[in-house]
Amino acid sequence: MVPAGWYLALAAALFGVGAIGVLVRRSVIVMLMCVELMLNSVNITLVTFARMHGSLDGQVLAFFVIVVAAAEVTVGLALIVNLFRLKASTDADRVDELRA
Amino acid sequence: MALESVTQAADGTLLWWSWAIPVLPAVSAAVLLLLGARMRRAVAAGLALGSVGLSAVLSTAAFVAVQAGGGEAVVRTVARWMPVGDLQVDWTILLDPLSTVMLLLVTWVGLLIHVYSVGYMADDPRFSRFFAYLNLFVASMLVLVMAEGLLTLFVGWELVGLCSYLLIGFWYERPTFASAAKKAFVVNRVGDAGFMIAMFVLLATAGTLSFTELVPGGADALGTGTATAVGLLLLVAAAGKSAQIPLHVWLPDAMAGPTPVSALIHAATMVTAGVYLFARMSPVVLPEVGTAVAWVGAITALVAALVACTQRDLKKILAWSTVSQLGYMFIAVGVGSSVAAVFHLLTHGFFKALLFLVAGSVMHAMDDETDVWRMGGLRRAMPWTFATAVVGWAAISGVPLLSGFFSKEEILAAAADTPGAGAILVIGLVVAGLTAFYMTRWLVLIFLGRPRHADLAPAPHPHESPAPMVAPLVVLAAASALGGLINLPGSQWLAGWLEPSVAPFEPAEPMIGHTLLEVVAVAIAAAGVAAAAALYLRRVDHERLRERLGLLHELPRESFYFDALYERAVAAPGHALARGSATFDRVVIDGAVLGLARGTAGLASLGRRLQTGWLRSYALAIAAGALLLVVVVIARVV
């Protein structure tokens with residue numbers, strides 16, 4: 001059996017990739033995908049700890065996250081479609097109307 | 001003592017209706033103010049004249065009714081006004097010999113001047129407004145003289161001050177006229193402060209402001225300290241309203257107003273309010289306070305008479321003469337002879353109103369020229385004006401058998417009968433001579449001699465004034481000539497009439513026999529007339545004369561530099577204070593407020609930089625925050 005630490009290490013690596021992706025990429029689509037990565041890394045952690053403790057709570061929570069993530073993707077994609085209509089671009093840096 | 005028996009006016013009697021005397025002109029003033037601009041001039045004038053005329057008739061009826069009651073004072077509470085704790089202030093009317101005789105003067109002279117104004121103001125674009133103010137003035141003056149207490153009197157006192165302000169500044173388009181109005185208003189405030197403090201003192205000590213409660217007790221009931229304080233404070237008040245030194249500076253400037261205003265307000269009625277106040281309060285005035293009043297009057301009479309000798313403006317000469325004659329009245333109330341003061345008040349009301357209306361008639365004929373050196377020889381063009389002017393001149397100069405002669409003699413005799421008033425008597429005699437001098441100068445320069453205006457370009461074409469202006473002149477001339485009849489030395493009708501109202505005059509051993517005094521006064525007046533005739537009827541080099549007189553001419557010409565003194569001593573520090581306050585406001589107050597605002601704005605512009613509008617910078621902030629939280633949690637666990 002693979003030790004829990006490996007799963008946690010995988011989750012941490014995915015989370016790090018996702019976080020850095022959100023911070024450094026400029027395409028909003030990629031940023032959204034990176035957010036998905038971060039969400040799924042959290043899912044892995046949840047499931048790992050659920051297995052460790054022999055409890056289902058974490059796995060249930062993972063399902064909730066998947067559902068919420070699906071909803072979030074629909075909202076996010078709708079936003080991106082509208083942004084593209086407005087700016088003819090998906091570059092996040094070109095959206096700075098709220099700059100003071 | 002005065003005002004001892006007082007009755008209430010019975011319902012429905014004539015005196016019960018006396019409240020209508022001031023209300024009628026007040027209503028007319030309100031109607032004219034609201035609707036006057038749309039009225040035809042004849043309607044507006046008819047309303048104004050009708051209301052004052054009705055007041056005059058009612059006043060006469062009130063006079064007759066009081067006379068029928070044997071001169072007993074009648075009070076009539078018209079309206080509840082202010083119930084404040086123990087103090088109940090009502091609008092109460094007091095009708096007694098003193099107030100009814102003032103009513104007659106105010107309403108009848110007021111009516112004549114209304115008639116005159118119809119002619120004088122005929123071409124003025126604000127015709128109805130002028131009559132509204134004039135009506136309001138008459139109403140206010142009637143409130144003043146009919147007041148039963150100091151507070152009601154003060155209401156009238158302030159209202160006449162307001163009307164004076166409105167009418168001096170009637171032609172407010174001219175900045176000097178507007179500032180003359182403001183000057184009159186501000187200087188009068190100084191006197192009003194004295195009036196108010198006097199009322200506070202009376203309320204605190206006697207607890208009442210009612211004449212019928214204060215006057216019968218006299219000064220004894222108040223105690224020496226209170227009576228002295230009240231008397232001196234009322235002197236301040238009276239000096240403001242009646243233009244006595246040092247508060248006289250506003251009256252000469254007040255000549256900016258239309259001439260009927262000068263005649264009514266600044267000669268015959270309002271400026272005599274101070275004298276009326278002292279006559280009314282005479283039992284409360286201590287002899288020591290009286291001495292102060294008499295000296296203020298004497299100094300004012302002398303200074304103003306000197307100034308009047310050197311002025312060039314025909315109305316200013318009369319204004320200074322008014323100040324001087326008011327000084328005479330103050331001498332009379334000061335030495336304790338209220339009868340002499342009221343007598344001179346009445347005769348002066350006639351002849352000074354007459355002289356002012358003559359001046360208006362002359363200005364009307366001369367295209368508003370006011371410099372007497374640019375007139376002369378007008379007697380041919382304006383025979384009626386000239387004839388009435390001669391009567392006025394004779395009355396004020398003290399020509400025997402005319403009104404001014406008797407009233408002036410009465411004052412001089414009262415001074416002669418007062419111990420310690422020798423110097424005042426001498427001043428009075430000197431002023432009598434100066435009065436004759438400057439009035440002769442006035443008459444000669446305007447009406448006699450060569451018509452100097454013929455050299456002017458464009459030369460005016462003097463003409464007699466229209467009938468509405470001439471008729472009041474004739475009536476007032478008759479009153480000026482015959483006014484002395486009311487208190488002839490033999491009959492003393494006025495003295496007997498006023499007896500229930502004012503403190504009696506107790507003559508001491510006369511310093512000089514009254515007959516001798518009359519002869520001396522007439523001789524001095526004759527000398528004044530002769531001197532003026534010699535100087536102004538013949539060709540005299542006046543430039544050289546002025547140079548030789550030097551300071552003796554310069555001081556009076558510059559009104560003894562009172563205005564310059566007040567400018568330096570009061571106005572300049574006031575300006576400095578105002579500028580200082582403005583700087584303080586701008587630097588300190590505004591600085592604090594604006595500084596706070598700028599500080600807030602600065603902080604905000606710093607905080608604003610956080611809002612970059614970049615999505616990724618927000619993400620970075622969130623990530624950094626999350627990382628920080630993780631570090632904190634781990635640090636606490638470990």
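The values are calculated or read from the model by the stated rules, or taken from the named source; none is laboratory data. Only a predicted model underlies this, so the values are computations on that prediction, with no experimental measurement involved. Cβ sites come from the backbone with ideal geometry, for glycine too, and all protein chains shown count toward neighbours.
Would you mention how many residues in segment A:1-50 are within 12 Å of chain B (Cβ to nearest Cβ) and in a loop (DSSP other than H, G, I, E, B)?
Of the residues in segment A:1-50, 2 are within 12 Å of chain B (Cβ to nearest Cβ) and in a loop (DSSP other than H, G, I, E, B).
Just one of (1) over 19 Å from B:Ala147 (Cβ atoms); (2) in contact with a Ser or Thr (Cβ under 9 Å, 6 or more places away or on another chain); (3) at pLDDT 90 or above trips up B:Gly46, so point out which.
Evaluating B:Gly46 over (1) over 19 Å from B:Ala147 (Cβ atoms); (2) in contact with a Ser or Thr (Cβ under 9 Å, 6 or more places away or on another chain); (3) at pLDDT 90 or above leaves (2) as the failure.
Limited to segment B:13-32, what total is found for residues that are surrounded by fewer than 16 Cβ atoms within 10 Å (Cβ to Cβ) and more than 24 Å from B:Phe211 (Cα to Cα)?
Looking only at that region, the number is 2.
If you go through segment B:62-87 one residue at a time, how many are over 13 Å from B:Ala9 (Cβ atoms) and surrounded by 14 or more Cβ atoms within 10 Å (Cβ to Cβ)?
The total comes to 3.
Please determine whether any residue of segment B:178-185 is in a loop (DSSP other than H, G, I, E, B), more than 24 Å from B:Val23 (Cβ to Cβ) and free of Cβ contacts under 8 Å to residues at least 40 places away in the same chain. Steps first, please.
Start the filter on segment B:178-185 by keeping residues that are in a loop (DSSP other than H, G, I, E, B), which leaves none.
Among the residues of segment B:178-185, not one is in a loop (DSSP other than H, G, I, E, B), more than 24 Å from B:Val23 (Cβ to Cβ) and free of Cβ contacts under 8 Å to residues at least 40 places away in the same chain, which makes the answer no.
Which of the residues spanning segment B:531-553 are under 32 Å from the mean Cα position of the chain (by Cα) and surrounded by fewer than 14 Cβ atoms within 10 Å (Cβ to Cβ)?
B:Leu551, B:Leu552, listed by residue number.
Condition first: of a type in the set (Ser, Thr, Tyr) and modelled with pLDDT of 90 or more. Can you find one or more residues in segment A:46-56 that meet it?
yes
Looking at B:Ala569, B:Ala523, B:Ala477, which is the one that is small (Gly, Ala, Ser), surrounded by 15 or more Cβ atoms within 10 Å (Cβ to Cβ) and over 21 Å from B:Gly376 (Cα atoms)? Before you say what the answer is, go through the steps one by one.
Working: B:Ala569 fails: surrounded by 15 or more Cβ atoms within 10 Å (Cβ to Cβ); B:Ala523 fails: surrounded by 15 or more Cβ atoms within 10 Å (Cβ to Cβ).
Sole residue among the options that is small (Gly, Ala, Ser), surrounded by 15 or more Cβ atoms within 10 Å (Cβ to Cβ) and over 21 Å from B:Gly376 (Cα atoms): B:Ala477.
Among A:Ala69, A:Ala62, A:Ala50, A:Ala19, which is among the small types (Gly, Ala, Ser) and in contact (Cβ under 8 Å) with a residue 24 or more places away in the chain? Full working, then the answer.
Details: A:Ala62 fails: in contact (Cβ under 8 Å) with a residue 24 or more places away in the chain; A:Ala50 fails: in contact (Cβ under 8 Å) with a residue 24 or more places away in the chain; A:Ala19 fails: in contact (Cβ under 8 Å) with a residue 24 or more places away in the chain.
Of the residues listed, the single one that is among the small types (Gly, Ala, Ser) and in contact (Cβ under 8 Å) with a residue 24 or more places away in the chain is A:Ala69.
Just checking, which of A:Val65, A:Val30, A:Val60 is surrounded by fewer than 17 Cβ atoms within 10 Å (Cβ to Cβ) and either farther than 30 Å from A:Ala92 by Cβ or in contact with a strand residue (DSSP E or B) (Cβ under 7 Å, 6 or more places away or on another chain) (or both)?
On the way: A:Val65 fails: either farther than 30 Å from A:Ala92 by Cβ or in contact with a strand residue (DSSP E or B) (Cβ under 7 Å, 6 or more places away or on another chain) (or both); A:Val30 fails: either farther than 30 Å from A:Ala92 by Cβ or in contact with a strand residue (DSSP E or B) (Cβ under 7 Å, 6 or more places away or on another chain) (or both).
Of A:Val65, A:Val30, A:Val60, the one residue that is surrounded by fewer than 17 Cβ atoms within 10 Å (Cβ to Cβ) and either farther than 30 Å from A:Ala92 by Cβ or in contact with a strand residue (DSSP E or B) (Cβ under 7 Å, 6 or more places away or on another chain) (or both) is A:Val60.
Please pick out the residue among B:Ala319, B:Ala298, B:Ala304 that is closer than 30 Å to B:Leu214 by Cβ and either surrounded by fewer than 23 Cβ atoms within 10 Å (Cβ to Cβ) or of a type outside the set (Ser, Thr, Tyr) (or both).
Details: B:Ala319 fails: closer than 30 Å to B:Leu214 by Cβ; B:Ala304 fails: closer than 30 Å to B:Leu214 by Cβ.
Residue meeting the stated conditions: B:Ala298.
Can you find a residue in segment A:73-90 that is surrounded by 11 or more Cβ atoms within 10 Å (Cβ to Cβ), in contact with a strand residue (DSSP E or B) (Cβ under 7 Å, 6 or more places away or on another chain) and within 12 Å of another protein chain (Cβ to nearest Cβ)?
The answer is yes; a qualifying residue exists.
Mind listing whichever residues of segment A:51-90 are outside any helix (DSSP H, G or I) and not small (Gly, Ala, Ser)? Outline the logic, then answer.
To start, the set of residues in segment A:51-90 that are outside any helix (DSSP H, G or I) comprises A:54-56, A:88-90.
A:Leu56, A:Thr90 - these are the residues of segment A:51-90 that are outside any helix (DSSP H, G or I) and not small (Gly, Ala, Ser).
Could you pull out the residue among B:Ala495, B:Ala436, B:Ala479, B:Ala503 that is closer than 24 Å to B:Ser117 by Cβ and within 32 Å of the chain's Cα centre (by Cα)?
Values: B:Ala495 fails: closer than 24 Å to B:Ser117 by Cβ; B:Ala436 fails: closer than 24 Å to B:Ser117 by Cβ; B:Ala503 fails: closer than 24 Å to B:Ser117 by Cβ.
Exactly one of B:Ala495, B:Ala436, B:Ala479, B:Ala503 is closer than 24 Å to B:Ser117 by Cβ and within 32 Å of the chain's Cα centre (by Cα), namely B:Ala479.
Can you find a residue that is under 30 Å from B:Arg557 (Cβ atoms) and either out of contact with any Pro (no Cβ under 7 Å at 6 or more places or on another chain) or among the charged types (D, E, K, R) (or both) anywhere in segment B:496-510?
First pass over segment B:496-510, keeping only residues under 30 Å from B:Arg557 (Cβ atoms): none.
No.
Restricting to segment B:54-95, give me the number of residues that are of a type outside the set (Ser, Thr, Tyr), assigned to a helix (DSSP H, G or I) and farther than 24 Å from B:Ala2 by Cα.
Going through segment B:54-95, the residues of a type outside the set (Ser, Thr, Tyr) turn out to be B:54, B:56-58, B:61-76, B:78-91, B:93-95.
Now restrict to residues that are assigned to a helix (DSSP H, G or I): B:54, B:56-58, B:61-68.
Checking the rest, the ones that are also farther than 24 Å from B:Ala2 by Cα come to B:54, B:56-58.
Looking only at that region, the number is 4.
A:Asp93 passes all but one of (1) within 14 Å of chain B (Cβ to nearest Cβ); (2) out of contact with any Lys or Arg (no Cβ under 8 Å at 6 or more places or on another chain); (3) in a helix (DSSP H, G or I); which number fails?
All conditions pass for A:Asp93, except number (2).
So which residues in segment B:495-509 are among the small types (Gly, Ala, Ser), farther than 13 Å from B:Pro287 by Cβ and assigned to a loop (DSSP other than H, G, I, E, B), if there are any at all? If you could, list the steps in order and put the result at the bottom.
Filtering segment B:495-509 down to residues among the small types (Gly, Ala, Ser) leaves B:495-496, B:501, B:503, B:508.
Remaining after also requiring farther than 13 Å from B:Pro287 by Cβ: B:495-496, B:501.
Scanning segment B:495-509 gives a single hit, B:Ser501.
Just checking: which of the helices (runs of 4 or more DSSP H) contained wholly in segment B:534-638 hold 1 or more residues that are within 14 Å of another protein chain (Cβ to nearest Cβ)? Give the steps one after another, and end with the answer.
Details: elements: B:542-549, B:551-557, B:562-566, B:572-584, B:590-608, B:615-637.
Per the criteria, B:590-608, B:615-637.
Restricting the search to segment A:60-72, which residues are farther than 23 Å from A:Leu23 by Cβ and either among the β-branched types (Val, Ile, Thr) or within 14 Å of another protein chain (Cβ to nearest Cβ) (or both)?
To start, the set of residues in segment A:60-72 that are farther than 23 Å from A:Leu23 by Cβ comprises A:60-64, A:66-67, A:70-71.
Answer for segment A:60-72, where residues must be farther than 23 Å from A:Leu23 by Cβ and either among the β-branched types (Val, Ile, Thr) or within 14 Å of another protein chain (Cβ to nearest Cβ) (or both): A:Val60, A:Ile66, A:Val67.
So for segment B:78-95 (the condition being polar (S, T, N, Q) and touching a strand residue (DSSP E or B) at 6+ places or on another chain (Cβ under 6 Å)), does at least one residue qualify?
Among the residues of segment B:78-95, at least one is polar (S, T, N, Q) and touching a strand residue (DSSP E or B) at 6+ places or on another chain (Cβ under 6 Å), which makes the answer yes.
Report yes if A:Leu98 is among the aliphatic types (A, V, I, L, M), away from chain B (no Cβ under 13 Å) and either at negative phi or exposed (fewer than 15 other Cβ atoms within 10 Å of the Cβ) (or both), otherwise no. Outline the logic, then answer.
Numbers: among the aliphatic types (A, V, I, L, M): yes; away from chain B (no Cβ under 13 Å): no; either at negative phi or exposed (fewer than 15 other Cβ atoms within 10 Å of the Cβ) (or both): yes.
No.
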